[in-house]
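To start, the structure under review is shown below, and the notes come after it.
The values are calculated or read from the model by the stated rules, or taken from the named source; none is laboratory data. Only a predicted model underlies this, so the values are computations on that prediction, with no experimental measurement involved. Backbone-built Cβ (ideal geometry, glycine too); neighbour counts: all protein chains shown.
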């Protein structure tokens, strides 16, 4: 289908999927090279190794990103590299602790100055076309959802939400794949990021503040949710936020625990009777965000 693809769209995908990592690498090197230390890891979608019809250009860029990941660790002549490393080590030893501290403070100030900070509110705010954010505070019935047995399917989860809101809700997914990363920054905090760019969709960033769980931020594909056959955007903001809490595809909570669904098109399911609540993919993500400081204990008890 590449013959039907517009140049503008191809350039957009290339600028995001290939240009984005190259820019990150370029800026990271400005920090790593003076310190003679640092690691760059490029993560690509699994669709780079599992190609499928209709995504030629996207998958081609994933392969290019994989090659970029290999090249980012390559150098020139090993003797030249050894000489550079040796010279860098001597320079590092000659610097005083005060100079090093000053450089780190300047780097942090530069990062803070360039950061774009946004604060979600209870009203849905559009950040750009196809991406919005909202905050939901208070309980949303998730503990009761688990106590009554959870949900064995998206339809069951939607039926539970419908019973709470007196508004028919439907959930149905479309196949796509993404990539994600989670790291600890230099200040001891945690950073989480993912690409969400394969198909045009309406993404919603949700800040959740439950009374009996951890604060969290997650991403929801709102095209996954319908309201009685209507577009979910026709509902009040508070209702959209409530429903989205049951459909996160990823997120990170206040403890730094991060979770992400990177492939949601596989149809394999597991049928077992463990006397534990049933969970769909998205409600499992919600459970982890609400209750887990790290993932293993929660998964073993659910």
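Taking the criterion of being more than 14 Å from residue 217 (Cβ to Cβ), touching a helix residue (DSSP H, G or I) at 6+ places or on another chain (Cβ under 8 Å) and surrounded by 14 or more Cβ atoms within 10 Å (Cβ to Cβ), the only residue of the stretch 117-136 that qualifies is 124. Taken over the stretch 232-249, the residue count meeting the criterion of being touching a strand residue (DSSP E or B) at 6+ places or on another chain (Cβ under 8 Å) and modelled with pLDDT under 90 is 3. The strands (runs of 3 or more DSSP E) found entirely in the stretch 157-231 that carry 3 or more residues being at pLDDT 75 or above are 190-194, 203-209, 216-221, 225-227.
Quick check: is even one residue across the stretch 137-154 touching a strand residue (DSSP E or B) at 6+ places or on another chain (Cβ under 9 Å), in a helix (DSSP H, G or I) and either closer than 21 Å to residue 223 by Cβ or outside the structural domain of residue 207 (by TED's automatic domain parsing) (or both)? Yes, the stretch 137-154 contains at least one residue that is touching a strand residue (DSSP E or B) at 6+ places or on another chain (Cβ under 9 Å), in a helix (DSSP H, G or I) and either closer than 21 Å to residue 223 by Cβ or outside the structural domain of residue 207 (by TED's automatic domain parsing) (or both).
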